[in-house]
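Before any comments, here is the structure.
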Amino acid sequence: MEIVYDALVVLHLLGMAGIVSGVVARSVAPAGPAPAITMYSAGAQVLTGVALVGIASAGLVAAEPDNTKVAVKLGIAVIVLVLAHILWRRPESGKGVFYGLAGFTLANVVIAVFW
């Protein structure tokens, strides 16, 4: 099960890289595939995060999840997913949605590293 867990960690990190690259691409060129990249990457983050917590909570790996941290990160990840979906469906939406997406993404990274 360690191999599956490690593979999910890699996919989770790739999802974060996809979100960050989508935000950077959107800031450089507002038209293009950046909203779709961001939305699919945010979905991958939520799914792999839930799978990681499920495996860890079941006691199948040595890692023990911090449920408060998981709840905060899941809430922020869902907000990021919703904002990414708004940008995907309505690319002309205001800069506030984009800056909110970037801010919540940064907050999620900071929580993951420093909590």
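Would you confirm whether or not segment 80-91 contains a residue that is among the β-branched types (Val, Ile, Thr), without any contact (Cβ under 8 Å) to a residue 60 or more places away in the chain and surrounded by 14 or more Cβ atoms within 10 Å (Cβ to Cβ)?
Going through segment 80-91, the residues among the β-branched types (Val, Ile, Thr) turn out to be 80, 82, 86.
If we keep only those that are without any contact (Cβ under 8 Å) to a residue 60 or more places away in the chain as well, we get 82, 86.
Narrowing further to those that are surrounded by 14 or more Cβ atoms within 10 Å (Cβ to Cβ): 82, 86.
Yes, segment 80-91 contains at least one residue that is among the β-branched types (Val, Ile, Thr), without any contact (Cβ under 8 Å) to a residue 60 or more places away in the chain and surrounded by 14 or more Cβ atoms within 10 Å (Cβ to Cβ).
If we keep just the residues of segment 20-36 that are assigned to a helix (DSSP H, G or I) and surrounded by fewer than 20 Cβ atoms within 10 Å (Cβ to Cβ), which is nearest to the chain's Cα centre (by Cα)?
First pass over segment 20-36, keeping only residues assigned to a helix (DSSP H, G or I): 20-28, 34-36.
Then keep just the ones that are surrounded by fewer than 20 Cβ atoms within 10 Å (Cβ to Cβ); that gives 20-21, 24-25, 27-28, 36.
On the way: 20: 9, 21: 12, 24: 15, 25: 16, 27: 18, 28: 20, 36: 13 Å.
Going through the qualifying residues, I end up with 20.
Yes or no: segment 21-38 includes at least one residue that is within 20 Å of residue 90 (Cβ to Cβ), out of contact with any helix residue (DSSP H, G or I) (no Cβ under 9 Å at 6 or more places or on another chain) and aliphatic (A, V, I, L, M).
Checking segment 21-38: at least one residue is within 20 Å of residue 90 (Cβ to Cβ), out of contact with any helix residue (DSSP H, G or I) (no Cβ under 9 Å at 6 or more places or on another chain) and aliphatic (A, V, I, L, M).
Going through segment 1-26 one residue at a time, which ones are in contact (Cβ under 8 Å) with a residue 60 or more places away in the chain and farther than 16 Å from residue 80 by Cβ?
1
Hey, among 110, 97, which residue is under 20 Å from residue 9 (Cβ atoms) and either out of contact with any helix residue (DSSP H, G or I) (no Cβ under 9 Å at 6 or more places or on another chain) or modelled with pLDDT under 95 (or both)?
On the way: 97 fails: under 20 Å from residue 9 (Cβ atoms).
Matching residue, one of 110, 97: 110.
The values are calculated or read from the model by the stated rules, or taken from the named source; none is laboratory data. Because the structure is a prediction, the values reported are computed rather than measured. Note: ideal-geometry Cβ built from the backbone for every residue, glycine included; neighbour counts use all protein chains shown.
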